[in-house]
Amino acid sequence: MEGRDVRGHYEELAAEYDEHWVYGPDYIPWMSGRIAEALRLGRADRIADIGSGTGLFAMEVARRLQLRHPILCVDPSEAMLSQLGATPPADLTPIVASAEDIAEGRMRLPYEQLDAMWLKESVHHVADPAHTLRGLADRLAPGGRLLVVMLPATIQYPLFEAALARFEELQPDPSVIEGHLRAAGLEADLSYVEHELRINRDKYLSMVRARYMSLLSSFDDSEIEKGIEEIRVAHPEPVLVFPDRFAFILGRRRGESS
């Protein structure tokens, strides 16, 4: 999606990333629950979170399921993964690698095959989604599932107009991603989930200033400040309420899981 240094963006944001992503106390449990439900995760599954960042969702999934095998938290940013701590939890295994590294086999994983993997809001960072998703699909065991979680082609976030326009210009269409999974030999379907966000306006403005979305790193400081003032005028209310809608594209490899 972005033709800029995305890895550098996340390296800078790593220390504050969790603060900017935890919209409220129910957001992480809600999204983690939807991921686990869509993938029909079981305790014996070998799982990877591709583009895991700081492991927010993997940590919650692992806590819920009491898994027999650690979730592989795969991310190209060592700074993001370092937020798991010097000694990561036993049910999470950090792996510094990109989606392309896994798809191309450049990084050897602890598991020969995976029963489930998800990519949450990271597919737009992949230069060649069709090729990379095919490579990831090839890592699935029979009956394995691959879930792509992404924002739809348009969003209703209280951002400034230039940011919303750039998002719509660059965001991949979920139906195209569904087509890539089918082309990779998976049975695929597309659905949507929605969660209402309620967030203090001042906190949201600080998140925008910190460029909590990678999209915002394409704007310089003066553009961000101008955009923040635009948001202030458009949204004088102290608490912002808006829908957070996600496309869930689920692919499944034919065959029975072991």
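Nothing in this text is a laboratory measurement; each read-out follows from the coordinates by a stated rule. As the structure is a computational prediction, the values presented were derived from the model and not from experiment. For neighbour counting, all protein chains shown are included, and Cβ atoms are generated from backbone atoms with ideal geometry for every residue, glycine included.
Side notes on the structure shown:
- Taking the longest Cα principal axis of the chain as reference, the axis of helix 161-170 is set at about 30 degrees.
- For the chain, a crude dipole built from +1 on the beta carbon of Lys and Arg and -1 on the beta carbon of Asp and Glu, taken about the Cα centre, is about 1020 debye to the nearest 20.
- Principal-axis tilt of helix 56-65 within the chain, Cα atoms, nearest 10 degrees: 50
- Between 0 and 90°, nearest 10: helix 221-234 axis offset from the chain longest Cα axis: 70
- With the largest listed first and rounded to whole Å, the semi-axes of the equivalent ellipsoid of segment 69-184 from the Cα gyration tensor are 27, 20, 12.
- Cut-off 15 Å between beta-carbons: net charge of the residues surrounding PRO158, Lys and Arg +1, Asp and Glu -1: -1
- For the chain, share of DSSP beta bridges that run antiparallel, in % to the nearest 5: 55
- Relative exposure of VAL74, VAL176, VAL149, VAL96, judged by other C-beta atoms within 10 Å (fewest first): VAL176, VAL96, VAL149, VAL74
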